[in-house]
Structures are given as C-alpha cells and as structure tokens.
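One structure is given below, encoded as structure tokens.
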6 protein chains.
Amino acid sequence: RYGLAEKEDQVGVVTGLAWTSVGGELLSIEALRLPGKGRMKTTGKLGDVMKESIDAASSFVRSISPELGVKPPKFEAVDIHVHVPEGATPKDGPSAGVAMVTSIVSVLTGIPVRKDVAMTGEVTLRGNVLPIGGLKEKLLAALRGGIKTVLIPEENAKDLAEIPDNVKEGLRIVPVAHVREVLREALVRMPDPVEWDEAAEEAAAAARRLERDNTPTATAH
Amino acid sequence: RYGLAEKEDQVGVVTGLAWTSVGGELLSIEALRLPGKGRMKTTGKLGDVMKESIDAASSFVRSISPELGVKPPKFEAVDIHVHVPEGATPKDGPSAGVAMVTSIVSVLTGIPVRKDVAMTGEVTLRGNVLPIGGLKEKLLAALRGGIKTVLIPEENAKDLAEIPDNVKEGLRIVPVAHVREVLREALVRMPDPVEWDEAAEEAAAAARRLERDNTPTATAH
Amino acid sequence: RYGLAEKEDQVGVVTGLAWTSVGGELLSIEALRLPGKGRMKTTGKLGDVMKESIDAASSFVRSISPELGVKPPKFEAVDIHVHVPEGATPKDGPSAGVAMVTSIVSVLTGIPVRKDVAMTGEVTLRGNVLPIGGLKEKLLAALRGGIKTVLIPEENAKDLAEIPDNVKEGLRIVPVAHVREVLREALVRMPDPVEWDEAAEEAAAAARRLERDNTPTATAH
Amino acid sequence: RYGLAEKEDQVGVVTGLAWTSVGGELLSIEALRLPGKGRMKTTGKLGDVMKESIDAASSFVRSISPELGVKPPKFEAVDIHVHVPEGATPKDGPSAGVAMVTSIVSVLTGIPVRKDVAMTGEVTLRGNVLPIGGLKEKLLAALRGGIKTVLIPEENAKDLAEIPDNVKEGLRIVPVAHVREVLREALVRMPDPVEWDEAAEEAAAAARRLERDNTPTATAH
Amino acid sequence: RYGLAEKEDQVGVVTGLAWTSVGGELLSIEALRLPGKGRMKTTGKLGDVMKESIDAASSFVRSISPELGVKPPKFEAVDIHVHVPEGATPKDGPSAGVAMVTSIVSVLTGIPVRKDVAMTGEVTLRGNVLPIGGLKEKLLAALRGGIKTVLIPEENAKDLAEIPDNVKEGLRIVPVAHVREVLREALVRMPDPVEWDEAAEEAAAAARRLERDNTPTATAH
Amino acid sequence: RYGLAEKEDQVGVVTGLAWTSVGGELLSIEALRLPGKGRMKTTGKLGDVMKESIDAASSFVRSISPELGVKPPKFEAVDIHVHVPEGATPKDGPSAGVAMVTSIVSVLTGIPVRKDVAMTGEVTLRGNVLPIGGLKEKLLAALRGGIKTVLIPEENAKDLAEIPDNVKEGLRIVPVAHVREVLREALVRMPDPVEWDEAAEEAAAAARRLERDNTPTATAH
Ligand SMILES: [Ca+2]
Ligand SMILES: [Ca+2]
Ligand SMILES: [Ca+2]
Ligand SMILES: [Ca+2]
Ligand SMILES: [Ca+2]
Ligand SMILES: [Ca+2]
Ligand SMILES: [Ca+2]
Ligand SMILES: [Ca+2]
Ligand SMILES: [Ca+2]
Ligand SMILES: [Ca+2]
Ligand SMILES: [Ca+2]
Ligand SMILES: [Ca+2]
C-alpha cells in the first residue's frame, strides 16, 4: 500500500510529494502527540534541511495557535514526534514544509486530514509558501497514487503550462500562497479559534505569583 | 545457544530476524524496565536507522498505552533499556521495528513473549507494518533456529511464492498488517485496557494545582 | 515574489543583501517571538559565522533593551526563532548582522519594519557597523528587487565612487556607523524607552527573597 | 605488578582477560562508588562497544538489585566510575562484560572480589553469558599472571579440547552460563537479598505525596 | 576605523595584538555583561585555544573577584559574552589572554579601559603572563594604529633588542609579569576591594538553611 | 621562567614531567577551586587520555576525601579548573596522573605544594602508581630546571640503572607505589582527617527529610 493514497482520513497523517533521481513519489508524513514537555522528535533518516523545515513549521504553528483553537501553554504540555517512513530511505529538502505544518496542526487540534489530498511547498516562518522543484514528477506520482487534489505553491502555477494534459485532467491542482489555504483544503474541517490575550495572560500569571509570595502563610492569634 | 529460539517465554525478550550478506540470522532483542525518568537507552552497536526505529516504536507504544493497560504517567517513572547482543556485531535497518514494539510492550505490561515466535517488519508511528527485504534468508534462519511461527509484513505475502516448500511446511507463517496482530500472536496473553480520558485527567490535575495555589496555607482566628 | 521587496510592512521581516558567486541577491530574514525561556533558534542552512552574527546581534539587543522599551526579564520569558529562507540554500557570513539586529528588535517591540528598506553590515557587540564586501552587486540586487532605501556601512561610503550612476540615482543610499541609525531608518517608528535601574532591581529582588526567608511562616500566640 | 594477579581481595577491582594481536593479557578493571546522582563515568581509552557493555552491565545489575541486597533508590544516590588502566592503551569489545558486572556489584555491596579469579564473557541484559574469542591466549595470560581460577562462557567449553594440557592443569577453569554463577565464584561472599515490592513502594510513595498535597498546611479554629 | 585605536575609553573594549602570516594587526576584543546565570558565550570564529584562553581568563578573574570589588555570587547572576570582530576572520592562539582578562574585569566592575593601550600575553590560572611570538610585527601594528602604550610579557623584554629604534621611540612599551600590572596600566582607575570571607559566608548560608528547616512553620496554642 | 622550578610553594601548582620527541620538559599544572556545583573544567589543549587521567584523579580524591579532611558534600559546592600552560602546545598521556591528584588535593585542602618537587606517574582509581616512559629525559629536564626531588613510579626504579650518575647525584629520586607517598613528599604538610560515616550521614539526612514531610506545618487551636 505504500506509494498509494491513504485509505481513510486520519489525524496527523499527511501525504507529501518527493522528487528523486528516479522520479516522483508519495511521501507519507506521520505526527503523533504525546503527553510531554514541549519537545519535538523527528525520525526517518531525515537530512538537516528537512529537520529545519520541521522546526520552522513548528514555530509557525505555535505563533498562530490561538487561531487554531490551541492555547499557547498547551505546547509546554505535549511532545510531538514527526516520522517519515520508510526508515531506511534518506530524505531531505524543504519542500515538505506545508505537509509538516498540516500534520502538526492536525495532531494538535485532533482534526483529521483528507486522505485524497497531497501537497508540496516550502514554508516561511510567516506561513508563506515558496516554490519547489520537480513539479511534473510530483504530479505524476500523485496521479499514479490515486490522489485527487494536489496543493502546489502559487509561484509554481506558471510551470503548469509544461504539464501533460492527462495529468492536469486527472487531478484537481490548487495553487496556494499561504498555509492558511493549505489547511482549508487539507483538514476535514477548520478549527474554531480561541481568544488569547498574551499581555493579559502574562499580567495575570505575574499577579498570581506576587500574591502567593506576599501572603503570610498563616496569620494566627 | 545464540542463533536458536529461546528456551522459555520471557518478559522483554523477542526474536527478530536479520539479513546479512552471508544469509539470515536470528536476532535476540532484549528490553529491561528500570525505575527512572522516561529515558530510553539503546546498546548493541546499533546504527542510526535501527535507533530511530526504536524511537518510533516507543512513541507508538506510548500513544496506545491505555489500550495496553498502562497509564501514560507511568512512562515518566521508568527508563527502558533495549539491547541487541552480540555487542561487537554492527546492526542496522528498520525491519526490527515490530520486534522493538513487542519487547517494549512486554516489559511495560510484564507479559512474557512466546519463545517460538520470530518476527520481521518495519513499523510506522500508527503501528502499520511495512514490507522488508531478505524474506527467504530470514525464513531459513527461523527454520534452522527452531522457530515455530514467523510474523511477516502482509505486503511481503506475495513473495511467499518464491519460498521453497520445505520452509513453508516447517513454519507457521503469519502475514500481519498492524502491530496489534503482532501482539496477539507474540504475547502469551493480551493486556486488559485501562480507561484514560486525557482531557479529564489534564483538567483534574490543573484543578488540583489551582486549589493548592489559592488555599491560604492556614486560616486561623 | 522571492527576490523582490516585501509587499507590506511586517513585524520581524527584514530585507538583507547577500553576495554570491553569481551576483547579489535580496535575503529575506524572518524572526518570530514565542512564549518561552530565553532560547534562540536559527534555521535556513546557516553557516557558523552567520549563526554567531545572530548571537552577537541578540546580546547587543539585550544590552540596550531598556532603551528599546523592553525590560530585561522579558528575555527570559520568550524564545526567538530566526529563519532565513530558502531552506535549501547555504548562507554564511557576518554581513547580515544589522538585519539580524533589526528583526530581533522588531519582534521584541512589535514595531513593523519598512518594506522598502534593505541593509547590509556586520555589527559588533556595541552596535558599531563594520564594512562588508560586494557592495556593487548588493546595490544592483536592491535596485532589481524594487527596494527604495539601502543602508550600508559608513566605512563602505568610499566605495560608492565605483558604483554606476543609474544605481545611485535609483536608490536612496544611507551610510550608517551604528545600529541606532539603522533602527531609525528601518522601523516604522522608534520605541519609547523604559526606565531600568539594574542595581535597584537587583537589590529589590534580593530584599524580597530575604523577607520571605526570614518571616516565620506563621506567628501565633 | 601490572599483568599479575592482584595482591589482596579488594572491593571493586576485578581481573578480566584481553586478547590482542600479540597475545592475551590480564586486564585490571576498577570501579569506585561515590556520593552522587545515578551517573556512570568510564575512563581508560575505552571503545564504544566496551562502553556499551558497561551500560548493559549496569542496567542488568539495577534490574536484580534487591537480590543483591541493594534497594533501587540507592542507585539515584550514587555515581559509579569504572576505569580500566593503563590509560594510554585503547581497549574495546564486549568480552569484559562479566567483569564489569562483578566490579559494579562489588562496589555496590561492599563485598571484595577474590584476587586469584579472572574472567571473560559477554553479558546480555538478562545476565546470560555469551561466548568470546581468543580463549587460548587468555588462558595462557591467566596462567602467566598467577591466576588460580578462570571463569569462561559455557559456550566456549567445547574449545577447551584445543587447550594445552599444562594450561588446563595449572588453572581451575569454570564454564558459566549466567552471571549469578560468576558472582558466586568471584565474590568472597554472596550478599543477602532485601525485600522490595516495586508496586507497593510506588503506591506508598504516591500516597505520601497525596496526603501532603491534601492536608491543609494548618487547621486552626 | 578598524585597525586603529579606539576613539574613547569604553567599558569592556580592549585592544589586543594579533600576528598573522602577513604581519601584525590590532584585535578589538569586546565583552558584554548581561543578566543571566553564570554562562560564558564566545563568538568571532575563535579557535579552541583562544576559547580555552577565555575560560582560563574567566576562572582567574573569579578567583580574585573580591580584590576587584566583586562578590563571588555576582558571577551566578550574570552572563558574559566575549566577541572578537571581524566575524569572518578565523582567530586562534593563547596570546590574547591578558586582553581577555582585562575585558572581563572591565565589564564586571564597570570601569572603562584606556583607549590608547594595547596588550599581548598568555595568562595562567594564577594570572602570570607567559611570553608570546611575533613581538616585532605586533609592535609595528600598534604604532600604525595610533596606540601609545603596549603591554608585553616580561619574558619578551629580551627581544626588544631586535626592535627598530623608531618603534621603541614611538611607543611606551611596558613589560609585565602578572595581570595585576596589566590592570593598573589598562583600566582608567583600579576597583576598590570588598571583604569576602568564604568560610564565614558558607557557614552563614548553611546556618540560614538549617534554621529554616528546623523552625516549626507555626507554633500556635 | 617557564621550564624552571616554581619560585615559591603555592596552592594548586604542581610540577609534572613531560616527554616529547625533542626531550623532557617541566610541565606546570595549575588547579583553581571556585564556588560552584561539582563541575570539573580542563584547559590547555589536553588530549583525551590526559583529560581522562584528570577524571580518574578527581574520582580517586573524592573517594578518600575524609582522609584529607574534606567532607564529601564539599565537592558539590565547588568547581575545579585544571589548566596546563602553555595553551598552544598539545599535551596528552596518562603520566601526569600523580601531579593531577596532587594539585586537586592542594586546592581542596588549601595546603601548598613544595616548589622543588617534580613528579611523574599514571594513577589508578585506587591511587596506585603505574610505570611511565621517558624516565631519563624527564630526569634530565628536572635537573636542568632546578628541581631537587623527583617522584617516580616504583616499577620504574629498575630503570635507574641506565641513568647517568651525575643525574642521580643531582637529584633526590623517590620511587612511589601509591599516591599517599606522593602527597607526603609533595605537600608542605599533611591534612588532618575528618570523621565521616557515610551510612550515618545518609540516615540522618533521610530522617530530617521525613520529619519535615510529616510535621503539620501549623497546628493551631
Ligand atoms: Ca518506496
Ligand atoms: Ca514534498
Ligand atoms: Ca552470530
Ligand atoms: Ca528484523
Ligand atoms: Ca533564490
Ligand atoms: Ca547581508
Ligand atoms: Ca601492558
Ligand atoms: Ca575480557
Ligand atoms: Ca582586518
Ligand atoms: Ca594578542
Ligand atoms: Ca615550552
Ligand atoms: Ca608527567
């Protein structure tokens, strides 16, 4: 089943697209959320650039977490493990960035990812989507793998002219400029935002600390 | 005795199957649970891919721990040591993943592993079993070593056509698609699940912390 | 859009100027502030010298933080992530120092950076700006990218004689000797200083600790 | 005196047997117990495999500690330092495993090791003894060094046929299958076990914590 | 301005002297003191020997801190960052040791360093000054850079015979045997010592701890 | 003055003896004690074997600390820095072990080391002194450097036959088998032991903890 679209919508499982010397390939990206202390673990023979793209994805998600319905302190109470099977195949590059963001958002919110969506694109710390290479090979792999919708960077839309017609007819290809568009296409539903006023929360925490320090621990007479 | 099936059912001791340039080999995988702080130690001249497969196995087991009768906070109170003798022989690759999961589950639950079962297969973070190489050599090693049952990845079932009849007659070969099937075959009994409502547990812990902070430590008059 | 000036003034996003064997290039530098513990994370395939220039920028900013309206304890409550896309391109050198300082000041103060300003220059721990190489190529890249104002080290002003007239006419070029001049040009407004008397703050904190230790936790009769 | 049997029974000092390109050699292994925090330090130009054999020895000893009269929390209150002189000579391999177990048990229990016993054998996490190479050279070194008793892995007993008669007559050679047999031969006396019911201890500790949290710190009226 | 003497007396900024294959050079060494936890950060492409010379300088300064008017606990409340621009130029060697000591003392005491003094010399943990190489090239660089006074190791005084007369006439050259002489020449004024009786301080701290532990937290009737 | 005996008896400064391809050399070893947390820092371009010899020296000293008048908890309250000038010269090997022990004992006890004593010898974790190489070159360096007494390993005494008579007449050469003999020769006086009953201290500490936990923090009526 490896190299094919997932069989059901799952939390934390996202289909990326890789480009190797022998063509394109579906890349299954898995994230798990565990009770923890804010640590990020990555496995799957990942190169340094792919690991950095996971770091950037993670910081971006933390920076918009109230918009995703996740209060920032939640991040200090969980560990996230991102794994990219097959474990013996080296993987690298920044183009799985949008898939990393999507899998992290999915495990944090508990919202499943659509099984028939694949995606490719580098992300910046602001969630902007940067262009990638190997578009043709990646689209062919998506078609072969039974994918219905492929999200590509807007800056790669101009490269669609060179893609064979049968590929463009067999897939719904959606150019995206920001990760928010990715999430709207890939998650089965969008999360509800929570209110979070950083300055107010900090002030409240400081006030609680101060009160505790100043209260005599017992006043008896 | 090395290279033969274990003599008795033991907690934490699992028989994997390795594939080297000179043929297949039984691989004894041992895990110990010690009082600790949630650390994982690995020894036995393991390569990076095998170490990552232990990390993935560990995260998967943590993610399903209530189903195994283990409450998540237990993980913060134990260290687990996984060792693969013989210590001077380099070992690598992801195909011992199912054996790693089984040995970790066995030490956490205290349930012994059947001595006459061997297994091979990569695992994903969701517990899915991915195909492996060297099936023929691994099955020959299992037969030579006195193994009765061999668990192989479902996606390798198609390769059984090329396996000599005497091997297939001497072994019970069980294709598996998920680690849950592995545990049912390998453990002498299945653990009883515990209830664990993560959200409720977190809320209760937060409430206890709050009460402690707000209670004046003595109210005397 | 990569290689062009930003479309709007943003917090934490600064345009630097890189010099490679094939010419100059705009370099987008992004910083994010996250709730945290005073950690600095850097991504984007950065070489050791560029990482050190971020360390130096960070220490300089901390050393003048009251002047920027930021109380020093704030630094222990946030993490800062600096990322330089594109993630697969190696980057190195000290000349993005002034851009690093500017992006860190922007995320700490929440004041946006002017989108049509680019800058280049090494910084010292005192905020002095040291000269850089590749001035001509960097200015050409700024012009191509739609930049209006370029901040260059004062010690490079003598090199302007060799720059083509059309470049000097198309850009406002501002030589700077200290990072304070950079901030005045690059931020949309200057922050208001806060008072911070280090010795007094330390004494007050010590007094609070002492009182807590010496107060009998209950005085009862 | 180096290369000869020890002059008296000592706590933590064990004689192993090494095999080099120029023959066998006595290997003096020293362990010290210090007040500490559960750390293990190793010195003596040890290779990775020998360091891992010390890790495995340490975990095995912790796993059977009540049987050795040592309560598990003791391990968190001590550091153990294992040193193998001569410090300039590189050493590696797993065959000193039984000697490592013996020296760790000796320093933990304070029971001296017999000065005229030497030993060789890899150990597993369950304390099983695995076969080693260089048996003949090691036995010759033991004889030369004034050793009386040599403990060898049971699986090496078949190799005794090739050992010269004068060696077999000059030494008492004891094949061992498990570390428990090693300890009975090597320690001057066996430790008395302590009772330790892990589940009960954990429950008691949890109860103490709960009571402390729930007791109002003062009940006054 | 790089390569010239500083324009004003500054806290933490010291002029060292480097010797490269193409001659001598002024080396600007900058230290900053930040609120912190006793950490030392170093940047500027420094080799291991130069980093170790900063470590040694730091330990020496801590060991004499009462003599400098700095109470030892102060060190646990500050971080020190030492940077040597230009960030892209590799630097190494122990001969900046006296400059490192001087910049650390200057930031700890807040006393500026004279702008027209340069210095070279390795330091030991006791503050003794050891000889250096490249004396002639270093003195020439000092003269070119507008330096007035150069501090050199006493053991290099014998090498002054080979220095051209115009150099010796243009500079005040002061041989020094110990860092105390360096500080007297380089700081604009000497710090006032504080009293610090280590044993008494330790005993007082222990007494405070004991009293707190033994006092019933409330005795009420 | 480098390469000559020290000018006065100092705390923590010990003269070792090195052997290089161009002959023997005096090696000045310096230790400092700083308020701290039990950390050991080493500088001076030391190889791994020399660093390990410092680790072994440190553990040995801790293991006999009551005999030296130092209570074990003292080690958790100090950092020790061992430096071997000249910082640019690589140094390695285990033969400075006895000098390392001596300098650590000197800084812990505050007892100076005799300035006219030099020493060479590897040490084990039990303080036994193992033989070294280059005896002749080391003795010649000691004579040249104005040393009066040289401590050598007892196992090297047999090599004295090959040493020229003028060397043996110019030096008092003392063979030593254990570090206790080294300390008696090298320190200006021996420390007074303190009593330290490890089991009793542990029990008392546990009792204090228990009492604190069980005492209601206030009983008021
Ligand atoms: Ca594949
Ligand atoms: Ca991809
Ligand atoms: Ca084998
Ligand atoms: Ca396997
Ligand atoms: Ca580009
Ligand atoms: Ca730049
Ligand atoms: Ca030897
Ligand atoms: Ca051995
Ligand atoms: Ca220069
Ligand atoms: Ca210098
Ligand atoms: Ca020398
Ligand atoms: Ca020596």
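Values quoted throughout were computed directly from the atomic coordinates according to the rules given, and no laboratory measurement underlies them. Values in this document were obtained by computation on a predicted structure and should not be read as measured data. When we count neighbours, we look across all protein chains shown, and the Cβ atoms used for this are built from the backbone with ideal geometry, even at glycine.
Details
- Kirkwood hydrodynamic radius (C-alpha pairs) into Stokes-Einstein, region A:48-109, 37 °C and 0.692 mPa s, D in µm²/s: 266
- Listed from fewest to most Cβ neighbours within 10 Å, the set B:Asp48, E:Asp55 follows the order B:Asp48, E:Asp55.
- 10 Å Cβ neighbours from other chains, averaged over peptide D:124-134: 5
- Calculated P(r) of the protein assembly as shown - Cα pairs past 65 Å, %: 15
- Cβ neighbours within 10 Å from other chains - mean over D:28-35: 5
- Under Stokes-Einstein, with the Kirkwood radius over Cα pairs as Rh, the value for chain F at 20 °C and 1.002 mPa s is 116 µm²/s.
- Computed from the C-beta positions of D:Lys51 and E:Thr89, the FRET efficiency with R₀ = 30 Å rounds to 0.15.
- Separation of alpha-carbon centers, region D:1-69 and region F:71-114, rounded to whole Å: 25
- Look at the alpha carbon pairs under 8 Å that are at least 6 residues apart: their mean separation over the length of chain F gives a relative contact order of 25 percent.
- Projecting label points 7 angstrom from Cα along Cα→Cβ for C:Arg184 and D:Ala204 puts them 7.3 nm apart.
- Helix B:198-214 vs. chain B, principal-axis angle (Cα, 0 to 90°, nearest 10): 30
- For D:Ala157, the label point sits 7 Å beyond Cα toward Cβ; its separations from the matching points on the remaining copies run 4.6, 4.6, 8.0, 8.0, 9.2 nm, from shortest to longest.
- On the beta carbon distance between F:Leu4 and E:Asp165, with R0 = 45 Å, the FRET formula returns roughly 0.90.
- Antiparallel %, DSSP beta bridges [both residues in the protein assembly as shown], to 5: 55
- Each Lys and Arg contributes +1 and each Asp and Glu -1, all at the Cβ; summed about the Cα centre of the protein assembly as shown, the dipole is approximately 280 debye.
- Between this copy and the others, label points of C:Gly110 are 3.1, 3.2, 5.5, 5.5, 6.3 nm apart in ascending order, each placed 7 angstrom from Cα in the Cβ direction.
- Axis angle, to the nearest 10 degrees, between helix C:97-109 and the longest C-alpha principal axis of chain C: 50 degrees.
- Remark: region D:115-166 carries a charge dipole of roughly 220 debye about the Cα centre, counting +1 on each Lys and Arg Cβ and -1 on each Asp and Glu Cβ.
- When region E:73-166 is reduced to its Cα atoms, the Kirkwood hydrodynamic radius in Å: 15.0
- Take B:Ala200, move 7 Å from Cα toward the beta carbon, and the resulting point lies 3.1, 3.1, 5.4, 5.4, 6.3 nm from the same point in each other copy, nearest first.
- Listed values for region D:34-44 are Karplus-derived 3J(HN,Hα) couplings in whole Hz (6.51 cos²θ - 1.76 cosθ + 1.60, θ = phi - 60°), namely 10, x, x, 9, x, 8, 10, 10, 10, 9, x, and x replaces Gly and Pro.
- Alpha-carbon centroids, region B:142-168 and region D:161-191: separation in whole Å: 41
- Placing a pseudo-label 7 Å from each Cα along the Cα-to-Cβ vector at E:Arg172 and E:Asp197 gives an inter-label distance of 4.0 nm.
- Helix-only mean residue ellipticity at 222 nm for the protein assembly as shown, each DSSP H run of n ≥ 4 adding -39500 (n - 2.57), per residue, nearest 500: -10000 deg cm²/dmol
- Among beta bridges identified by DSSP and lying wholly in region C:1-99, the antiparallel ones come to about 75 percent.
- A:Ser28, A:Ser95, D:Ser59, F:Ser21 arranged by Cβ crowding within 10 Å, fewest neighbours leading: F:Ser21, D:Ser59, A:Ser28, A:Ser95
- P(r) weight above 16 Å for region A:1-105, C-alpha pairs, percent: 57
- Share antiparallel - DSSP beta bridges, region A:13-194, percent rounded to 5: 55
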